[in-house]
Structures are given as C-alpha cells and as structure tokens.
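*Asks:* What follows is a structure written as structure tokens; I'll ask about it next.
Please treat every number below as a calculation from the coordinates, not as lab data. In this text the structure is predicted, and so the values were computed from the model without any measurement. Cβ sites come from the backbone with ideal geometry, for glycine too, and all protein chains shown count toward neighbours.
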C-alpha cells in the first residue's frame with residue numbers, strides 16, 4: 001500500500017511517497033520516492049499536459065514474438081503440453097519452456113545458454129515473466145528430461161487433431177519428405193541419433209540428425225514427424241515411416257474420406273510401396289528417369305498439353321507400367337523451361353570442368369618439359385585423383401572419357417583411349433543433343 005509522508009527539514013516541508021508491504025509477517029517500507037516541496041508538486045500537476053522527457057529507452061522485439069505467443073494461446077499449446085507433462089508449480093511450466101524455445105527458434109535462434117539474454121530483449125518479459133536463473137541452460141534441459149518420446153508422440157497426435165479441427169484443414173493431399181541438419185555435437189558425446197552421413201549442406205564432417213515430416217498442402221501444417229539416425233538413408237527409414245503413416249491415416253481419415261500421399265523418389269523402395277499398397281492411402285510418387293529409359297524414348301509428338309495457366313508450358317504422356325511389383329499409372333512430363341535451365345547448368349559445369357582439366361594438363365606439360373623441377377613429382381595415382389575431383393560436378397563423370405599414361409618416368413597427357421591426340425577431354429555421344437535425349441527436362445510420376 002502506498003502512502004504520502006511529509007518531512008520537515010530546516011524549516012521546509014518535503015513530501016515522499018512510500019510503499020509498504022509485509023515481509024515475514026511484519027510491515028516494512030520497500031520503496032520510497034522523493035516528490036519534493038508542495039510548490040514543486042503543484043507545478044508538476046499544472047504541467048501534466050506536457051509529457052516528461054525520456055531518461056532512457058529500452059528496445060524489445062515485439063511483432064513476431066507477440067504473434068507467435070497469440071497463436072500458441074489460440075490453440076492451447078501450453079495447456080496441452082502441461083496436461084501430458086505436469087510439474088510442481090515453481091517457475092515456468094514445461095509447456096512454457098517449450099513454447100519459449102519454439103519462439104526463439106522461429107524468431108532468432110540461439111543456443112540455450114543465450115536464451116535468457118535473448119528473452120530480456122523481447123516482449124516476453126511481460127507476457128511470460130521469469131527470472132534469469134529460471135532460463136539457464138541447465139534449467140531448460142532439466143525440464144526436457146521430464147519429456148519422454150511417448151509424451152512427444154501423444155502431444156503431437158492430439159495437437160494434429162486439434163489443428164485439423166480448429167483451422168478446418170483439408171487433408172485430401174499430404175506431402176512427406178525427409179531432410180537432415182548438421183550439429184556440433186562432439187564425436188565423443190554419447191548419443192545414438194547424431195551420426196555422420198550424406199549431409200545436404202555439404203557438412204559431411206559433422207554429425208547430423210535426420211528428420212522426416214508429413215505436412216498438409218493446406219497452409220503447410222506439420223501433422224507428423226520422425227527423427228532418426230543421421231547415417232540412415234531416406235529410402236531405408238521410409239519403409240518404417242510408411243507403416244506409421246498407415247496408422248496415422250486412421251486418425252486423420254475421420255475428417256477426410258480420401259487422402260493422397262505425395263513423396264519424392266528419394267523414399268522409393270519395394271518394401272515402402274508394399275506397405276502403401278496395403279494402406280488406404282492414394283499416393284503420388286516420383287521415379288528416377290534414368291531407370292526408365294523406355295519411357296524417355298517415347299517421341300515428343302505423343303505428349304499432350306496440360307490445361308490451366310500454371311501448366312501451360314508442360315507436356316505430359318500418360319501410360320501404364322509395372323513398377324515395384326504392380327501395374328501403375330505413369331505420367332511423364334516435359335517442361336521446356338526446365339530443360340533449358342538444366343542445359344544452362346550443364347554448360348556451366350562443362351566449362352568449369354574443361355578449365356580444371358586444362359590446368360592439370362598444363363601442369364603435366366611444364367613438368368615434362370623441365371620447366372618445373374621442385375616439389376613432389378606427380379604419379380599416375382595422384383593425377384587420377386585430381387581428374388576424378390575435377391569431374392565431381394553433376395553429369396561430368398558420364399560425359400568425359402580419359403586415361404592417364406606414363407612415359408619415360410613422366411606422367412603423360414590425360415588422353416582419350418580412342419585417340420592418339422593429346423586431347424584431355426571429350427564428350428560421349430550421344431548425350432542431350434536434343435530435348436528427348438537422356439530425359440533432360442523430363443520428370444516421371446507414378447500414381
């Protein structure tokens with residue numbers, strides 16, 4: 001409770017505002033504010049229409065943080081999590097910790113050691129009051145230890161159903177795809193999920209985690225996820241995921257009679273198709289063009305234009321073919337814009353590869369002519385390794401024929417086996433000389 005107190009100092013009366021609270025059962029003055037003399041108070045009241053000059057400015061991130069906070073509140077995310085993972089009432093709940101981490105990840109990703117520092121610079125200090133000690137990295141992981149994998153699955157299942165109902169999501173078409181992301185987890189750290197594998201960001205030197213996700217095409221809402229070891233390929237895990245997707249279909253189909261699952265060729269396997277064949281899913285997949293050369297040899301005059309403004313530049317050929325043990329509908333599409341874009345990339349790769357092979361050839365020539373004497377002399381094995389690295393770009397290994405020879409103790413020119421000329425590169429024929437060669441510009445879809 002606040003009160004006004006007057007003090008007489010050297011014959012003059014001054015006023016103070018005091019705030020009193022009970023501490024350990026006894027009244028105690030916890031805050032005192034000097035107001036000044038009566039004339040000063042009256043003067044301040046008369047000038048109340050003039051706003052005071054600010055003494056300091058605090059900048060807090062508000063827009064995205066407040067929008068995500070409001071969205072989480074509208075779907076009842078925190079209550080949903082806390083009902084599954086309850087805790088004693090001390091500090092933020094487990095649901096609040098997870099929401100805080102999710103907003104941080106969406107707006108300004110930081111490590112958990114920097115979470116408190118980021119929190120102080122946002123509007124969350126008003127929306128979710130918390131002490132700095134409650135936002136330490138250790139406090140966060142202590143709460144995460146209470147969340148089991150089974151808890152996550154139950155929360156996801158209930159949240160997916162809630163999102164479908166609340167936002168009236170269309171489930172007629174769902175897409176599934178897998179990706180991976182690298183981590184800085186040490187090799188010595190005892191963890192089974194982070195493993196080294198083929199990383200899409202080219203960071204094969206780091207341990208990575210794989211993630212598969214089922215998303216609605218309506219507003220792109222995640223409905224199911226699968227985290228798995230970084231050294232497992234998409235096609236391998238999709239055999240397991242397809243079984244889980246079949247079980248999830250039972251829950252989702254309550255709101256939609258027909259669901260079509262869309263996935264790309266990286267998930268293809270005979271086992272996955274066998275599972276999908278026994279499920280209620282309709283599905284659309286993708287095939288590797290080079291594995292279906294007979295389809296690519298169909299002349300373009302048999303292709304038909306597709307209706308609609310979006311597909312006006314696309315031609316399609318529809319047929320039936322046995323794929324993964326069953327006869328299926330196959331659609332081969334050709335896009336002239338895609339073809340020219342791919343051809344431009346191919347031309348660029350050719351120019352860079354030729355340039356690099358020319359550098360290797362020039363180095364060998366200078367060494368053979370005696371203009372370079374120092375350093376380690378190249379060997380057939382070392383030059384082969386350099387050539388293979390030069391051909392690492394897409395399609396280049398299939399375009400160039402080469403051979404490294406050795407004469408009189410010197411590595412000779414990189415040549416073509418069929419010719420005696422000292423030419424070090426040549427394209428194989430035929431290759432993409434026309435639109436219908438080798439499937440460039442084509443995509444094959446299996447339905």
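*Asks:* Any idea what angle helix 336-368 forms with the longest principal axis of the chain, computed on alpha-carbon atoms, 0 to 90 degrees, nearest 10?
*Replies:* 70
*Asks:* Calculate the FRET efficiency for residue 288 and residue 225 from the Cβ-Cβ distance with a Förster distance of 22 Å, rounded to the nearest 0.05.
*Replies:* The value I calculate is 0.25.
*Asks:* Follow-up question, since we're still on this one. Under 8 Å for C-alpha pairs, at least 6 residues apart: give me the relative contact order for the stretch 29-178, rounded to a whole percent.
*Replies:* In percent, rounded to a whole number, it is 24.
*Asks:* So, by mean Cβ neighbours within 10 angstrom, what's the order for 37-45, 266-274, 18-26 with the highest one leading?
*Replies:* 266-274, 37-45, 18-26
*Asks:* If I fit a long axis through the Cα atoms of helix 94-107 and take the longest principal axis of the Cα atoms of the chain, what angle between them do I get, 0 to 90°, rounded to 10?
*Replies:* In the chain, helix 94-107 runs at an angle near 60 degrees to the longest axis.
*Asks:* Still on this structure, I have one more. Show that you can apply the helix-only estimate: for the chain, add -39,500 (n - 2.57) for every DSSP H stretch of four or more residues, divide by all residues, and state [θ] at 222 nm to the nearest 500.
*Replies:* -11000 deg cm²/dmol
*Asks:* Where in the stretch 134-155 is the amide nitrogen less than 19 Å from a point lying 7 Å along the Cα-to-Cβ axis of residue 112?
*Replies:* 134-153
*Asks:* Based on the alpha-carbon gyration tensor of the stretch 169-287 and its eigenvalue square roots a ≥ b ≥ c, which shape applies: rounded if a/c is under 1.5, prolate if not and a/b is larger than b/c, or oblate?
*Replies:* Judged from the Cα gyration tensor, the stretch 169-287 comes out prolate (a/c at least 1.5, a/b above b/c).
*Asks:* In addition: Assuming 0.36 nm per residue, please report the length gained on full extension of the stretch residue 380 to residue 354 beyond their Cα-Cα distance.
*Replies:* So the extension gain works out to 7.4 nm.
*Asks:* Let me ask another. Roughly what % of DSSP beta bridges within the stretch 208-305 run antiparallel, to the nearest 5?
*Replies:* 70
*Asks:* A further question follows. For the stretch 63-147, just say rounded, prolate or oblate: build the C-alpha gyration tensor, square-root its eigenvalues into a ≥ b ≥ c, call rounded for a/c under 1.5, and beyond that prolate if a/b exceeds b/c, oblate if not.
*Replies:* Judged from the Cα gyration tensor, the stretch 63-147 comes out oblate (a/c at least 1.5, b/c at or above a/b).
*Asks:* Among 185-195, 384-394, how do they line up from the highest to the lowest mean number of other beta-carbon atoms within 10 Å?
*Replies:* 384-394, 185-195
*Asks:* In terms of the Cα gyration tensor, with a ≥ b ≥ c the square roots of its eigenvalues, is the stretch 2-46 rounded because a/c is under 1.5, prolate because a/b exceeds b/c, or oblate?
*Replies:* It is oblate, given that a/c is not under 1.5 and a/b is not larger than b/c.
*Asks:* Follow-up. Kindly express, to the nearest 10 degrees and within the range 0 to 90, the angle between helix 380-390's C-alpha long axis and the longest C-alpha principal axis of the chain.
*Replies:* Once rounded, the angle reads 60 degrees.
*Asks:* Sorted by average packing, counted as other Cβ atoms within 10 angstrom per residue and highest first, what order do 75-82, 301-308, 98-105 take?
*Replies:* Ranked by mean Cβ neighbours within 10 Å, highest first: 98-105, 75-82, 301-308.
*Asks:* Another one. What nm distance separates the two modelled labels at residue 326 and residue 186, each placed 7 Å from Cα along Cα→Cβ?
*Replies:* According to this spin-label approximation, the distance is 5.0 nm.
*Asks:* Still on this structure, I have one more. How many angstrom lie between the Cα centre of the stretch 79-125 and the Cα centre of the stretch 257-331?
*Replies:* 44
*Asks:* Run the numbers on the chain and let me know its relative contact order in percent, using alpha-carbon pairs under 8 Å that are six or more apart.
*Replies:* The value is 9 percent.
*Asks:* Next question. What label, among [x] -0.38, -0.89, -1.01; [y] -0.29, -0.79, -0.94; [z] -0.22, -0.63, -0.74, belongs to log10 I(q)/I(0) by the Debye sum over Cα atoms at q = 0.05, 0.09, 0.10 Å⁻¹ computed from the structure on display?
*Replies:* Read-out from the structure maps to [x].
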